[in-house]
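Worksheet: the structure to be examined is printed underneath.
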Amino acid sequence: MTADDALLERVRDRLAADAAEPTPAIIADAIRVESRGMLGDTDLLAALRFLQTELIGAGKLEHLLAEPDIADILVVGPDHVWVDRGAGLQLTDVRFTGEAAVRRLAGRLALNAGKRLDDAQPWVDGQLSGVGRRGHTVRLHAVIPPVATDGTCISLRILRTATRNFDELVSLGAVPTEVVDVLRGILHARLAFLIVGGTGSGKTTLLGSLIGEMAHTERILCVEDALELDPPHPHVVRLVARTANVEGAGEVPVRALVRQALRMRPDRIVVGEVRGAEVIDLLTALNTGHDGCAGTLHANSTAEVPARMEALAALGGMERSALHSQLAAAVQVVLGVDRTPGGARGLAEIGMVARGADGLVRIRPIWLRGNGFTDGADGLNELIRKRSR
């Protein structure tokens, strides 16, 4: 880069004062004006390329967002950019010119998400538009110093729409053939189910494939906080939550959308991921005649579901005993997914909701990957037979 920093700063200031979208042509014109025609073609091209990474999209991260197998991009200061391609974190050769460049990128991405990021608000959580791969949502989180002591941290998660159908998951081994009839029986009997697993374990992918197996005469209302579900079903209505804008207005939470879905004549309601107090509205929906509803929940195993839902329900003011009563009446099956040691994602366990003599809900194992069906499988099969009549 032969153009001096002062020139580039003047160009950046000129573009910042211009309301127009900084296209390559507009950036090039600004460079010509501020350099007073003193730059040759080579220097002009170098300055243009540099400013494009500084002013447009995700800058130096743009080519990483374009890679189809990258799920996460993690930046820690100017010298450490990590990616996850499904087999753990890998350090890339991407480097920024300094901490100021990382902070400028974080601020630009925050504005794209309709948020503010500055000393008064040193972190941001939002969703991006106009960056990355077309058709995918990118979730942004960023923290700046002094809160982030190792330099500005940027976390980008690429949320792919879940489009694989059920037969594809079976052929890939993500759904073992021995449980195919059981899963289809759960859907046919209109049992309510939750899919649980850790981050990136395949919850949404499995949920989307199961929605595609639901009767095509049914109206499915899908509520999500980010657009991920795109199931192969002819009658799906999708509602997506919205975060507050930079002025703190305009928020539409998942909980409000669940209540709206109840008024839209659903046959089934599906919540993309239960993260907070909307668990109360979901359980209410499941207990008001909407059989066969579904959702996903962040939990490391099916056994953790009652405790996890207790914590979420507490956010909405629901007591423990009330939560267990609602859960026992509302949900019948829990499906657990995780990654295999080799990095593949798939169904790992099936559990059945059971309420003990103490009134508390526990998850009874029905099937475990590697071990097969347990003695509790007869209870699930009997429930499927009863509800299929």
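The values are calculated or read from the model by the stated rules, or taken from the named source; none is laboratory data. None of these values were measured; they are calculated from a predicted model. In this analysis, Cβ positions are derived from the backbone assuming ideal geometry, glycine residues included, and neighbour counts consider all displayed protein chains.
For the reader, a short list of remarks on this structure follows.
- Those residues of the range 138-169 which are β-branched (Val, Ile, Thr) and without any contact (Cβ under 8 Å) to a residue 24 or more places away in the chain, in sequence order: Val143, Thr149
- Among the residues of the range 282-310, those that are outside any helix (DSSP H, G or I) and small (Gly, Ala, Ser) comprise Gly289, Gly292, Ala294, Gly295, Ala299, Ser301.
- Those residues of the range 68-99 which are acidic (Asp, Glu), within 18 Å of the chain's Cα centre (by Cα) and in a loop (DSSP other than H, G, I, E, B), in sequence order: Asp69
- The single residue among Leu51, Leu55, Leu15, Leu65 that is modelled with pLDDT of 70 or more, under 27 Å from Trp123 (Cα atoms) and not small (Gly, Ala, Ser) turns out to be Leu65.
- Val180 vs. criteria aliphatic (A, V, I, L, M), farther than 19 Å from Glu349 by Cα and modelled with pLDDT of 95 or more: no
- For the range 199-236, filtered to residues that are among the β-branched types (Val, Ile, Thr) and in contact with a Leu (Cβ under 8 Å, 6 or more places away or on another chain), the residue that is surrounded by the most Cβ atoms within 10 Å (Cβ to Cβ) is Val223.
- The condition (being surrounded by 17 or more Cβ atoms within 10 Å (Cβ to Cβ), free of Cβ contacts under 8 Å to residues at least 60 places away in the same chain and closer than 17 Å to Leu380 by Cα) is satisfied by just one residue among Gly292, Gly351, Gly336: Gly351.
- Any hit, the range 311-331, residues being of a type outside the set (Val, Ile, Thr), over 23 Å from Arg184 (Cα atoms), outside any helix (DSSP H, G or I) and in contact with a Gly (Cβ under 6 Å, 6 or more places away or on another chain): no
- Pairing each residue of the range 170-185 that is assigned by TED's automatic domain parsing to the domain that holds Gly376 and of a type in the set (Ser, Thr, Tyr) with any residue that is part of a helix (DSSP H, G or I) and surrounded by 16 or more Cβ atoms within 10 Å (Cβ to Cβ), provided the two are 6+ apart or on different chains, yields C-beta distances under 9 Å for Thr177/Val170.
- Taking the listed residues Val270, Val279, Val254, the one that is touching a Cys at 6+ places or on another chain (Cβ under 6 Å), of a type in the set (A, V, I, L, M) and crowded, with 20+ Cβ neighbours inside 10 Å is Val270, with no other qualifying.
- Checked across the range 367-381, the condition of being modelled with pLDDT of 90 or more, outside any loop (DSSP other than H, G, I, E, B) and under 28 Å from the mean Cα position of the chain (by Cα) holds for at least one residue.
- Restricting attention to the range 310-330, the residues being touching a residue at least 24 places away in the same chain (Cβ under 8 Å) and touching a Leu at 6+ places or on another chain (Cβ under 6 Å) number 4.
- Check on Arg190, surrounded by fewer than 15 Cβ atoms within 10 Å (Cβ to Cβ) and in contact (Cβ under 8 Å) with a residue 24 or more places away in the chain: no
- Condition met for Thr217 (in a loop (DSSP other than H, G, I, E, B), modelled with pLDDT under 90 and not hydrophobic (A, V, I, L, M, F, W, C)): no
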